[in-house]
Structure formats: structure tokens, C-alpha cells
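The values are calculated or read from the model by the stated rules, or taken from the named source; none is laboratory data. Quick caveat: nothing in here was measured; it's all calculated off a predicted structure. Reconstructed Cβ throughout: ideal geometry from the backbone, glycine too, with neighbour counts over all protein chains shown.
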Amino acid sequence: MELNNIYQRFFDILFSILAIVIFTPIFIVVAIILSLVSGDGVIYRQKRVGLNGEMFDIYKFVTMIKNSEQMGTGNITLANDSRVFPFGKFLRKSKINELPQLFNILKGDMSIIGPRPQDIISFNAFNKREQEIIKRTKPGLSCLAPIFFRNEDEILDRVSSDKNNFHDQYIAPYKGKIEAWYVQNRSLSLYFLLIWITIRVVLFPNHKINYYEKFKNIPTPPKRLGVLLQL
């Protein structure tokens, strides 16, 4: 069944309100801890590319030291990245740092499921064709590409060459292809399937998924990336 935008918005509002109510105690605890340990506030805001290419502020819990984008590997975060403070590592590993985006969803900037919103530099690393396709729909809290690359920092740790260059040449373009595949295959059943898979991989991080069996005709990665993905 095709995913009508009205249906999607209805479920986005319903699920985001339910999730905010359920996770309110976590919001409070995390906010208190971050106010004590981060030294840079509680909520991190960054401009991301949204529907029709319009920019919006994405919300996340702070996990890195101030001005981290101007240090080290820039917008690319590695495993054991020194810019991430200890409590921030827990937030990133558990994906709790992404929970404030429930308010982005409630506002209408994002959906529960949709291509992950990228900063302009990362978005421009996608091929032009995929950029135009991705801009047709709202970005999401989760989708196939972020599930596929949920351990991206560990993948980059296995790269012996320039990590930024490898990301821009292999990972980003492949992400763009997967995100575009989602937009072109959007349906109500895929929407709920990706919500279910997201919940499973958050609760069971080592859960293995055969993407090419579960999702027919998704693009295959370039050989060099496929080797690192152990496909």
C-alpha cells in the first residue's frame, strides 16, 4: 500500500506523542546529568537539509565537546573519538542522543521513518540524482541507511587510508543510493517494517539482518565497501 502523506503524518504525530510521554523520565535524567558534565548545555542544534531542500534545526542531546566540528575528523565520528565525552559515548551507543528529534517530528520537520537529515556538506557528498530524489520527502528519525550503517564508526576504524576521503568516496554515495531507494519504494508496510527493525536493533545491537533478502532490489555497495561491511 502506497504511503499517503496524510497517513504518515497521522502516525508520526501519534507515535511521537506516545514516545515523548514514555521517555519523559529519561529526558529529565539525561538533562540533569548533561547540565552537570557537558559544559555546553543539554541540546545540540545543527542545520540539516529537509523537505524540498529547506534547512531546519535538528535536535540532539549534547555528546561532544564544544566546537568539535572544527577538530579532528570534522563531521565524521570514529569509535573511541576523543571529542566525545564519557557520558556522551553512552548516549550515542544507546541512541538516546537522538530522542530529542521526537520534537522535530511533532513540529513537522521530520518523520519517524525517512532519509536521515544530513548537514549540507554530507548531503553534497551524495550524487546529484539521489539528492533530488531524497528531497522529495521529509527526513526521518530512522530509515534503512542509518540501520545499515548503525556501526559506521566501527567500519571507519577498519579503514587504513584517509577516513574522510573513504567516507566521501564510498560510504556517503552508497548511503545516498539506499536513501533514494527508500523514497522510491515508500509504502505503509515498509514504514512499519523499518520502525520494527529500528526497535530491534536498538534493543539488540548485535542482531544480524540480511538486508538483501529482506529488502528486494536495494542497491549493492561498491566492492571496497562491501569487503568492510563483510558482505
(message) Name the single residue that is nearest to TYR174 (Cα to Cα) among those in the stretch 112-126 being outside any loop (DSSP other than H, G, I, E, B) and not hydroxyl-bearing (Ser, Thr, Tyr).
(response) PHE123
(message) Just to verify a result, which residue in the stretch 199-212, among those that are modelled with pLDDT of 85 or more and loosely packed, with under 12 Cβ neighbours inside 10 Å, is nearest to the chain's Cα centre (by Cα)?
(response) ILE199
(request) Only residues in the stretch 26-40 that are surrounded by 13 or more Cβ atoms within 10 Å (Cβ to Cβ) count as the first member; pair them with residues that are in a helix (DSSP H, G or I) and of a type in the set (S, T, N, Q), Cβ under 9 angstrom, at least 6 apart or cross-chain, and list the lot. (result) VAL30/ASN97
(request) State which residue pairs qualify: first residue within 10 Å of LEU228 (Cα to Cα) and inside the stretch 155-168, second residue assigned to a helix (DSSP H, G or I) and modelled with pLDDT of 80 or more in any location, beta carbons under 8 Å apart, and separation of 6 or more residues or different chains. (result) ILE155/ILE171; LEU156/PHE166; LEU156/HIS167; LEU156/ILE171; VAL159/PHE166
(message) Looking at (1) surrounded by fewer than 21 Cβ atoms within 10 Å (Cβ to Cβ); (2) closer than 25 Å to SER16 by Cβ, which one does LYS138 not meet, given that it meets all the others?
(response) (1)
(message) Could you list, ordered by first residue, the pairs with Cβ atoms under 9 Å in which the first is in the stretch 198-218 and in contact (Cβ under 8 Å) with a residue 24 or more places away in the chain and the second is exposed (fewer than 11 other Cβ atoms within 10 Å of the Cβ) and in a loop (DSSP other than H, G, I, E, B), at least 6 apart or interchain?
(response) VAL201/HIS207
(request) Please state which of the following conditions LEU188 fails to meet, knowing it meets all the rest: (1) within 18 Å of LEU141 (Cβ to Cβ); (2) surrounded by 15 or more Cβ atoms within 10 Å (Cβ to Cβ). (result) (2)
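Confirm whether LEU190 is touching a Gly at 6+ places or on another chain (Cβ under 9 Å), in a helix (DSSP H, G or I) and closer than 28 Å to ARG9 by Cα. Quick ask: steps written out before the conclusion?
Numbers: touching a Gly at 6+ places or on another chain (Cβ under 9 Å): no; in a helix (DSSP H, G or I): yes; closer than 28 Å to ARG9 by Cα: yes.
For LEU190, the condition - touching a Gly at 6+ places or on another chain (Cβ under 9 Å), in a helix (DSSP H, G or I) and closer than 28 Å to ARG9 by Cα - is not met.
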(request) With the checklist (1) among the aromatic types (Phe, Trp, Tyr); (2) exposed (fewer than 14 other Cβ atoms within 10 Å of the Cβ); (3) in contact with a Ser or Thr (Cβ under 9 Å, 6 or more places away or on another chain) in hand, flag the one item TRP196 doesn't pass. (result) (3)
(request) Could you look through the stretch 87-111, keep only residues that are surrounded by fewer than 17 Cβ atoms within 10 Å (Cβ to Cβ) and part of a loop (DSSP other than H, G, I, E, B), and pick out the one that is farthest from the chain's Cα centre (by Cα)? (result) GLY108
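Can you tell which of LEU91, LEU78, LEU106, LEU102 is farther than 21 Å from ALA172 by Cα and at pLDDT below 95?
Sole residue among the options that is farther than 21 Å from ALA172 by Cα and at pLDDT below 95: LEU91.
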